[in-house]
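The values are calculated or read from the model by the stated rules, or taken from the named source; none is laboratory data. Predicted model only: the values in this text are computed from it and were never measured. Because the Cβ atoms are built from the backbone with ideal geometry, glycine has one as well, and the counts that use them run over all protein chains shown.
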Amino acid sequence: MEAEPNQFSGRLANLTEVTRQLEATGAMASESGDAFQSEVDGVNEHSILGYPETRRKFIKQVAGTSVAIAIGPNVLTYASASEPVSPGTTAAASAALKVNLNVNGKKFALDVDPRMTLLDALRERLQLTGSKKGCDHGQCGACTVLVNGRRINSCLSLAVMHEGDEITTIEGLAGGDELHPMQAAFIEHDGFQCGYCTPGQICSAVACVKEGHANGDDQIREWMSGNICRCGAYPNILAAIKEAKTKTRA
Amino acid sequence: MTPFTYSRASDAGQAVTAISGKPHTKFLGGGTNLIDLMKMGVEAPDELVDINRLPLAQIEELQDKRVRIGALARNSDVAEHDLIKSRYPVLSQALLSGASPQLRNMATVGGNLLQRTRCYYFYDSAFPACNKRKPGSGCGALEGYNRIHAILGQSQQCIATNPSDMCVALAALDAVVRVHGPNGEREITFGDFHRLPGNTPERDTNLAPDELIIAVDLPAMPFAARSHYLKVRDRASYAFALVSVAVALDLGPNKKINEARVALGGVAHKPWRANAAEKKLIGQDANEQTFHAAAAAELAAAKGYKYNSFKIELAKRGIVRALSAVAEMA
């Protein structure tokens, strides 16, 4: 069935809203490691909920085609011949270095240009696009990830500095289909509008609670000041962190 | 970012060997300032020696009650350490007032000592005039937008400010910087570590190009338990200081001032030890009148520019307020 333009744009908007919520909280990308691994193994399996780049590629694709699409997070599939991405490829001309990263519980051996930041390695090489590049200068916190349990700005750290490190991104917070309490709390309290800062906010908030710096509104505000939200969702982010703090994870 | 080669140092001696005689080689610590400057095109090393795996992150008490902070101790770990919080609260407060939790988890003590100015004209490699970035090219800030710039100790060559909070506390505490060079170790007293711009603003410190900072020593200073860091900035958190004040007071009976330590941030090319203010404090009663006199003495030589003259009065009020806070401590 050919979608009417107005119907189509309505559906696209609907999809955007759904994926906004899912992606912002990391839910959409929660199994990205598995999807990625299966792709490395030669299995091209593209489920929109399991493949972190799907939203970008999907929107790019629907912009240039009029193929009918059934909208809904559980039935969305598409069949483009997307090229598999290998973690072993080298992008730049300068001498590549090998680095072993443990990302969300999975081990990756990458050859990287020494200039490649941890953020770029996660996004461009491992397709973990949940961590966002906002300012790329350590000023906004959108790139926040946990390294050996501590929150850092992955945009100001080189990938080669993290040999053997354990890295947790927004994609690694959920336990299977069960959201991390912080992710659930951000959805519950609508702790975002555009969602761009949200993966960094959530990673930072998880660390903030774990550090013991979530005791009261003022302390949370101070210890979350490294994460900027230009939509101004701060009151809801604060509410989400306060609620998540009360919930222990099984 | 221009290409560079990368290696990891195995020990301090090997790190120093790796950098000796190579002016375009730099040590890589937390990277929070260096990598940013490399992205901006301000720094363009052709080789980085990663020192993060050297065993220099200890914070420990020495036998003579001094406290030694390893150069690779992260800002967050120093700020939260019991020895620092109990004996040198001014240092803990200064660290926690700087940057963000994420950056403090990355930034090292050694790297913080070597932080470069956030002068807009220095940071913008497309701007032609900056004597610090390109010696002899002029100073864009002198006649430009100089709101964050220096009011003390500046030269016609450069009116940049040192951006560190930690260093202001270390200046007040008479810290000593321990460095490892080709000829072994040496100590640099804190007042001699950073430089005023003079005619060589391209040099921030007196560290030699082939020296590695290995530790910062804090002297045993019981009265530093009565210390405080006041930071004044454009927003409540996560901003550089317009003016900051580190103070410690040794008060005798009837609140007579036996010893005083005052240092200022955001006002000069180096963390500014307020010697004139300290002279006015010692031997006097700790009261507002004394504090005003000390503040006036310190800022007597201050010179403001088009957009930063407010800092002179701000620094005076900051000194009075920080001293008052410490005097009122139990």
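Just name the residue that is farthest from the chain's Cα centre (by Cα) out of those in region A:214-235 that are within 11 Å of chain B (Cβ to nearest Cβ), surrounded by 16 or more Cβ atoms within 10 Å (Cβ to Cβ) and of a type outside the set (V, I, T). Checked region A:214-235; the qualifying residue farthest from the chain's Cα centre (by Cα) is A:E222.
Would you confirm, using the coordinates I've provided, whether B:L56 is of a type in the set (A, V, I, L, M, F, W, C) and more than 13 Å from chain A (Cβ to nearest Cβ)? Spelling it out, B:L56 is indeed of a type in the set (A, V, I, L, M, F, W, C) and more than 13 Å from chain A (Cβ to nearest Cβ).
Table: residues versus (1) touching a Ser or Thr at 6+ places or on another chain (Cβ under 7 Å); (2) over 26 Å from B:S155 (Cβ atoms); (3) in a loop (DSSP other than H, G, I, E, B).
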site: B:T200; (1), (2), (3): no, no, yes
site: B:F223; (1), (2), (3): no, yes, no
site: B:Y229; (1), (2), (3): yes, yes, no
site: B:D250; (1), (2), (3): no, yes, no
site: B:A276; (1), (2), (3): no, no, no
site: B:G283; (1), (2), (3): no, yes, yes
site: B:H292; (1), (2), (3): no, yes, no
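Residues that are farther than 27 Å from B:K303 by Cβ, within 13 Å of another protein chain (Cβ to nearest Cβ) and outside any loop (DSSP other than H, G, I, E, B) do not occur anywhere in region B:113-125.
Condition first: closer than 28 Å to B:M40 by Cα, of a type in the set (S, T, Y) and either out of contact with any Leu (no Cβ under 8 Å at 6 or more places or on another chain) or free of Cβ contacts under 8 Å to residues at least 24 places away in the same chain (or both). Can you find one or more residues in region A:226-242 that meet it? So far as region A:226-242 goes, no, none of its residues is closer than 28 Å to B:M40 by Cα, of a type in the set (S, T, Y) and either out of contact with any Leu (no Cβ under 8 Å at 6 or more places or on another chain) or free of Cβ contacts under 8 Å to residues at least 24 places away in the same chain (or both). Note on region B:218-249: residues that are touching a helix residue (DSSP H, G or I) at 6+ places or on another chain (Cβ under 7 Å) and away from every other protein chain (no Cβ under 14 Å) total 16.
Close contacts from region B:309-329, counting a first residue that is part of a loop (DSSP other than H, G, I, E, B) and a second that is among the charged types (D, E, K, R), with Cβ to Cβ under 7 Å and a gap of 6+ residues or different chains, come to B:M329/B:R226. Would you be able to say whether some residue in region B:15-34 is in contact (Cβ under 8 Å) with a residue 12 or more places away in the chain, among the β-branched types (V, I, T) and closer than 20 Å to A:N153 by Cα? Checked against the condition, which is being in contact (Cβ under 8 Å) with a residue 12 or more places away in the chain, among the β-branched types (V, I, T) and closer than 20 Å to A:N153 by Cα, region B:15-34 yields at least one hit.
Scanning region B:10-43 for residues being within 18 Å of A:M161 (Cα to Cα) and either hydroxyl-bearing (S, T, Y) or within 12 Å of chain A (Cβ to nearest Cβ) (or both) gives a total of 14.
A count restricted to region B:93-107 and to residues that are touching a residue at least 40 places away in the same chain (Cβ under 8 Å), under 21 Å from B:V245 (Cβ atoms) and of a type in the set (A, V, I, L, M) stands at 3. Applying the set (1) surrounded by fewer than 18 Cβ atoms within 10 Å (Cβ to Cβ); (2) of a type in the set (V, I, T); (3) closer than 26 Å to A:L158 by Cβ to B:T200 leaves exactly one unmet item: (3). Given the criteria surrounded by fewer than 20 Cβ atoms within 10 Å (Cβ to Cβ) and outside the structural domain of B:N308 (by TED's automatic domain parsing), does B:R233 qualify? The answer is no for B:R233.
Taking the numbered list (1) within 25 Å of B:A18 (Cβ to Cβ); (2) out of contact with any Pro (no Cβ under 7 Å at 6 or more places or on another chain) in turn, B:F190 passes all entries but (1). Considering B:L249, B:L264, the condition of being of a type outside the set (V, I, T) and closer than 18 Å to B:R147 by Cβ is satisfied by B:L264 alone. When B:D217 is tested against the conditions (1) touching a Leu at 6+ places or on another chain (Cβ under 9 Å); (2) buried (at least 24 other Cβ atoms within 10 Å of the Cβ), the lone failure is (2). Condition check for B:S7 on (1) outside any loop (DSSP other than H, G, I, E, B); (2) within 13 Å of chain A (Cβ to nearest Cβ); (3) buried (at least 18 other Cβ atoms within 10 Å of the Cβ); (4) among the small types (G, A, S): one failure, at (3). Only a single criterion out of (1) of a type in the set (G, A, S); (2) within 25 Å of B:L34 (Cβ to Cβ); (3) touching a Pro at 6+ places or on another chain (Cβ under 7 Å) is not satisfied by A:G130, namely (2).
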